[in-house]
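Below you'll find the structure, written out as structure tokens, and then a few comments.
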Amino acid sequence: MMTARTLSHLVRIGTRLLGPSSPSAQNLSRAFSVSSVNNASTYKAAVLKEFGSSLEITEMTRKKLASSEVRVAVHSCGVNASDILMMENKYDQALEPPFVPGFEICGEILEVGKDVKTLGNGMRVIGISKESLGGFAEECVLLEQDLWPVDHAVGFDSGAALADTYATALIGLNRRAGINENSIVLVTAAAGGLGLAAVDLAVSVYKAKVIGVCGTEDKADLVRKKGAWAALKYNKKHINAKVREVTSGKGVDIIFDAVGGDVFSACLESVAHEGSVIVAGFASRVIPHIETSQLLPKSVSLIGLSLTHYRDADNSVYRQAVEDVIEMHEMGLIKPHISATYSLEDCEKAFEFLRERKSTGKVVLEIR
């Protein structure tokens, strides 16, 4: 009987003979990797055992799948500010330790439940698992409805950085605000994961003119490289002046705000007649309070936006939005920006990178 060690040795020999970049060598290596994972009964995961504590790398025992569940070998997982909030018990979702954080994954299917119809073993998939989490691990279990197949040409890191932010931005800009090539869009936190996704979609797909608002000049430079017509550090006077310059005093058609606080209040003054203000998040952790009378003078639409809400309230729109951004990415129209990658063992360094506001776009754990 051939042992895993013997098979691994043959793989290394085959790779040397065939060349590491040859398709045959890659397929042989991948077959061994999947076979090893399938035969495992345990896997590594970063577990939060107590709110406010550091994650602990722990050996977890694999559980049996329910009929509608899918087991995925996680290759990459997005790291988000909401992960930190969950670990500090400051998130608007009831959680009870111990749990494995991480909700945005890309990997390969290891096993499917008996009622799963659209997915099969070996398929590369993107998953969003905000209910069950579990992404900071070598494998996790998701429902069929929370997974999307992707082409094997899609990199695992890009896959783990794509769906959540881009689908959110797509629903907000397209479905809710009706963006088009004549739109002028103001994006706050424009160098963040959600903001940069909004910039990328508005510029690359809809050919709109974008003004990005950022925290530093380095981040503003990144936003300009992403295609924004203008990008500037946050300053109320500078924002108002730039908007007047770009729009000849009319104001912007769409504001995409993921900051809240004073930034939201300042940008609200820049919206045009019949413009739309999208409330997509509160990175400042300060929820703004506005008088409804502020919306009347310009007949402004105030739009709330939650991808998680669409999952529950209108699942077909939720599914389609993710499918659309996957297709846009596979066509080369959009590309998530990844500012840093870390191993599973270095997940605490990833959190520190986020806390220090060094990140731009997305941060990703490379788990396999």
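Miscellaneous remarks
- Some residue of the stretch 226-238 being buried (at least 19 other Cβ atoms within 10 Å of the Cβ), at pLDDT 95 or above and touching a helix residue (DSSP H, G or I) at 6+ places or on another chain (Cβ under 7 Å): yes
- Residues of the stretch 174-189 that are of a type in the set (S, T, N, Q) and either under 12 Å from residue 256 (Cα atoms) or buried (at least 16 other Cβ atoms within 10 Å of the Cβ) (or both): 174, 183, 188.
- Every residue from the stretch 221-238 that is without any contact (Cβ under 8 Å) to a residue 40 or more places away in the chain, within 17 Å of residue 259 (Cα to Cα) and not in a loop (DSSP other than H, G, I, E, B): 223, 232, 233, 236
- The selection criterion, being more than 14 Å from residue 78 (Cβ to Cβ) and either touching a residue at least 60 places away in the same chain (Cβ under 8 Å) or crowded, with 17+ Cβ neighbours inside 10 Å (or both), holds for residue 113.
- Condition met for residue 69 (under 18 Å from the mean Cα position of the chain (by Cα) and of a type in the set (Asp, Glu)): no
- Residues of the stretch 59-82 that are buried (at least 16 other Cβ atoms within 10 Å of the Cβ) and either in contact with a helix residue (DSSP H, G or I) (Cβ under 9 Å, 6 or more places away or on another chain) or among the hydroxyl-bearing types (Ser, Thr, Tyr) (or both): 69, 70, 73, 74, 75, 76, 77, 78, 79, 80, 81, 82.
- Residue 193 vs. criteria touching a helix residue (DSSP H, G or I) at 6+ places or on another chain (Cβ under 6 Å), crowded, with 22+ Cβ neighbours inside 10 Å and over 28 Å from residue 129 (Cα atoms): no
The values are calculated or read from the model by the stated rules, or taken from the named source; none is laboratory data. Since the model is a prediction, treat every value here as computed from it, not as a measurement. Glycine also receives a Cβ, built like all others from the backbone with ideal geometry; neighbour counts cover every protein chain displayed.
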